[in-house]
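Values quoted throughout were computed directly from the atomic coordinates according to the rules given, and no laboratory measurement underlies them. Because the structure is a prediction, the values reported are computed rather than measured. Because the Cβ atoms are built from the backbone with ideal geometry, glycine has one as well, and the counts that use them run over all protein chains shown.
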Amino acid sequence: MPLIEPRLADVLSGADPNSPNDVGEVLLRLLRFAQQQGATDLHFRPQPDGLLVSWRRDGVAQPLARFSAEVAANYVGRLKVMSGLLTYRVEIPQEGRLRAEFLQDGVEVRVATFPTIHGERAVVRLFVASGRYLHLEDLGLPQDEREALQNMLWETGGLVLISGPAGSGKTTTAYACLRYLLRHFAEEKILLTLEDPVEAVLPSVGQSEVRPSAGFDYVTGLKSLLRHDPDVLMVGEIRDRGTAEIVFQAALTGHLVVSTFHAGSVGESVSRLLDLGIEPFVLQSGLLGVLSQRLVRRLCPDCRRPAEQDALGLPVAGHFVAAGCAACRQTGYRDRVLLIELLDTNLPGFDRHVLTRADARAIESAAAAAGMTTRWDRAVELVESGVTSAVEIRRVLGFR
Ligand SMILES: [Zn+2]
């Protein structure tokens with residue numbers, strides 16, 4: 001069996017690929033290894049000549065191990081058993097989660113399968129599993145923004161929105177906000193969540209999951225939850241007008257609401273909420289702030305090189321480019337950092353009336369004029385200080 005990641009040699013040597021116990025043990029070792037190394041996903045990819053296991057680390061997929069075609073189905077099959085999926089159904093997509101006895105630290109691990117022409121593929125989402133980003137202090141937020149965000153969490157009503165594209169770590173930040181609230185108010189506040197699905201179990205938070213197939217969606221769920229007298233609500237994601245409306249209704253009636261939203265910047269978040277039909281005056285009085293975030297890869301400090309070429313139009317005095325060495329597996333990058341901008345609607349000099357305009361640029365300029373450090377300001381800082389490269393910034397933020 002050709003193996004790709006040398007550190008997994010001991011995991012795989014001696015394991016009998018036809019023994020369910022051995023296969024289960026190999027899968028758990030693979031999962032733990034991926035978790036320890038900070039991977040976010042593990043992919044089981046059936047190919048004509050076998051099963052390729054890849055992991056996604058720092059946003060990039062890389063090969064990890066390979067199993068021969070004869071035993072490929074044993075691995076995906078065992079993973080399905082461990083996740084409570086129907087093993088005899090191989091022709092339909094299935095979704096589940098790793099059964100509790102296989103979990104570490106109560107972190108949910110989601111598993112999904114999909115039939116392909118070479119057999120079933122599977123993906124394991126490791127999510128907030130690494131335990132490195134539990135608290136707001138661990139996220140690498142700039143101090144001013146972290147403190148402003150924490151101040152919002154002391155409010156007794158209003159919406160704190162975490163926005164960004166898919167895979168930008170929004171849920172991790174939302175959980176860090178919940179842990180901050182737990183640390184300060186566990187005794188005196190009632191914290192309830194509605195999620196899809198629950199990503200990590202938090203003690204003394206009333207967590208629940210939507211079940212749309214049973215008519216229990218965000219809108220009906222939130223209506224019911226509001227009758228349970230919460231102080232704080234965490235809503236997994238605002239995806240539609242109905243959810244947005246009830247979230248703002250909650251925010252305006254004495255509840256602190258933390259939620260996530262799919263948008264590329266603070267300006268875009270506000271204009272998309274208006275597009276969803278939120279009344280401008282509701283937005284003005286209900287929105288405490290928007291944290292817009294992206295993840296950018298950090299240049300490997302061992303091999304980055306000062307650049308000679310221009311910085312793809314970024315206004316920087318100097319910058320670095322990626323090279324590649326053993327420490328970064330020849331990628332030139334190691335780990336990721338948050339690239340954020342925070343709209344604090346209480347920023348002195350910020351006119352909340354600007355929120356009534358559905359123009360993302362106008363909102364952004366008003367916020368910048370009132371002192372918000374924009375994602376572009378932050379990007380220039382990160383490039384100039386060699387934390388990341390101009391190429392990486394353009395990959396993540398585009399060219400405007
Ligand atoms: Zn390197």
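Packing around the peptides 381-388, 258-265, taken as the average count of other Cβ atoms within 10 Å per residue, puts them in this order, highest first: 258-265, 381-388. Remark: the stretch 323-334, residue by residue, has Karplus-estimated 3J(HN,Hα) of 10, x, 8, 5, 4, 10, 6, 6, 8, x, 10, 9 Hz, where x stands for each Gly or Pro and the curve is 6.51 cos²θ - 1.76 cosθ + 1.60 at θ = phi - 60°. Give me the percent of DSSP beta bridges within the chain that run antiparallel, rounded to the nearest 5. Expressed as a percentage, antiparallel bridges in the chain total about 65. Considering only C-alpha atoms, what is the centroid distance from the stretch 182-254 to the stretch 61-76, in Å? Cα centroid to Cα centroid, the span is 39 Å. Residues whose amide H lies under 5 Å from that of residue 193, counting only those 5 or more places away or on a different chain, are 206, 207, 208, 234; hydrogens are built 1.01 Å from N in the peptide plane. One decimal place: the segment residue 150-residue 249 gains 33.4 nm when fully extended, by the rule 0.36 nm per residue minus the C-alpha distance. Loop-located GluC sites (Glu not before Pro) across the stretch 180-274 with a Cβ neighbour count of 13 or fewer within 10 Å are 187, 188, with loop assigned by DSSP.
Across all Cα pairs in the chain, the calculated P(r) in 10 Å bins from zero up to the longest distance comes to 5, 21, 27, 25, 17, 5, 0 percent per bin. Using a 4.7 Å Cβ-Cβ cutoff, the cysteines of the chain lacking any partner cysteine are 177. Between residue 287 and 159, the built amide H atoms are under 5 Å apart, and every one of these is 5 or more places off in sequence or on another chain. Remark: the stretch 51-68, residue by residue, has Karplus-estimated 3J(HN,Hα) of 10, 9, 9, 10, 10, 9, 10, 6, x, 10, 7, 9, x, 10, 7, 9, 10, 6 Hz, where x stands for each Gly or Pro and the curve is 6.51 cos²θ - 1.76 cosθ + 1.60 at θ = phi - 60°. Peptide packing for 132-139, 167-174 was compared via the average number of neighbouring C-beta atoms within 10 Å per residue; ordered from the highest value, the list is 167-174, 132-139. Backbone geometry of the stretch 278-291 corresponds, through the Karplus equation with coefficients 6.51, -1.76 and 1.60 at θ = phi - 60°, to 3J(HN,Hα) couplings of 6, 5, x, 5, 5, 5, 4, 8, x, 8, 7, x, 10, 9 Hz, x marking Gly and Pro.
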